[in-house]
1. Just how large is the dipole of the chain about the Cα centre, in debye to the nearest 20, putting +1 at every Lys and Arg Cβ and -1 at every Asp and Glu Cβ?
2. Heavy-atom accessible area per residue, the chain, 1.4 Å probe: how many Å²?
3. For the chain, what is the mean residue ellipticity at 222 nm derived from helices alone (per DSSP H run of n ≥ 4: -39500 (n - 2.57); sum divided by total residues; nearest 500 deg cm²/dmol)?
4. Answer rounded, prolate or oblate for region 150-241, using the Cα gyration tensor with square roots of eigenvalues a ≥ b ≥ c: rounded when a/c is under 1.5, else prolate when a/b is larger than b/c, else oblate.
5. Output ³J(HN,Hα) for region 26-31: one whole-Hz value per residue in order, computed from phi by the Karplus curve 6.51 cos²θ - 1.76 cosθ + 1.60 with θ = phi - 60°, and x for Gly and Pro.
6. Quick check on packing: order 190-198, 151-159 by the mean number of other C-beta atoms within 10 Å, highest mean leading.
7. Report the relative contact order of the chain, percent, no decimals, based on alpha-carbon pairs under 8 angstrom and at least 6 residues apart.
8. Using θ = phi - 60° and the Karplus curve 6.51 cos²θ - 1.76 cosθ + 1.60, what whole-Hz ³J(HN,Hα) does each residue of region 57-68 get, with Gly and Pro shown as x?
Amino acid sequence: MGMFQSALRLIYPPRCVSCGDMVDRDFALCASCWGQMDFIAGLVCDCCGTPLPGEDAGEPEYCDDCLARPRPWARGRAAMLYREKARSMVLAFKHGDRTELARPAADWMLRAGRPILSPGMVVAPIPLHRWRLVSRRFNQSALLSQGVAERAGFAHWPDLLVRIRKTKVQDGMGPEERFANLAGAIAVQARYRERLRGRTVLLIDDVMTSGATLSTAAEACLAAGAEEVRVLVLARVAKAS
């Protein structure tokens, strides 16, 4: 097996998941692309993960958006900012059938999410409506949640939540329109209600913009008896610094 893998590497050497340049291991970024990815580090909002100015003093800090609109979830993190190279990669994953990107993305998310993980959490993705799932063929958030759950050693409930009505595409909508569009659109599947009671849920999505989708999903989990909800996303839309 080792000789076979070595031969494969000679024929198909590992390449950067972004630009295609050769790298030293599979599912990695080259140094140039890594430097352009806008990974989030340092002081962040403890609720949504957006970067904040200043030094991390070990106390929770919050961004203006989370202070202005209290979130139904308790804590949150994001792996990167949704702009430039990171935005291109997320769009390739979401709309370009680049499902292999779920593997490195789950690693980046887990690294960013370590501070908000706790024993016994259950991991669940934001669901797609069944008609959107048919057209897209996969739920990108479910691929991410599976990877995060496996790496963290948590239970994965990929069908915990369901879209009970189809919503409009939210591109171009403002925050208030997004919240109105998503209101009541997500619910917990009936068969999970007893199992969910008293549990902490880690919700997974690819991109957080206003937080409307995650809010609707978190409210559904809490209404069904979850003790607490935390959120982890691949990318966070944030104001340019």
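1. 960
2. That works out to 52 Å² per residue.
3. About -10000 deg cm²/dmol.
4. oblate
5. With the stated coefficients, region 26-31 comes to 5, 6, 10, 9, 6, 4 Hz.
6. Highest to lowest by the protection proxy: 151-159, 190-198.
7. In percent, rounded to a whole number, it is 20.
8. Couplings: 9, x, 10, x, 10, 9, 7, 4, 5, 6, 6, 6 Hz.
The values are calculated or read from the model by the stated rules, or taken from the named source; none is laboratory data. Model, not experiment: these values are computed from the prediction. With ideal geometry, Cβ positions are generated from the backbone for all residues, glycine too; neighbour counts draw on all protein chains shown. For accessibility, only protein heavy atoms count, side chains too; no ligands or nucleic acids. Shrake-Rupley method; radii C 1.70, N 1.55, O 1.52, S 1.80 Å.
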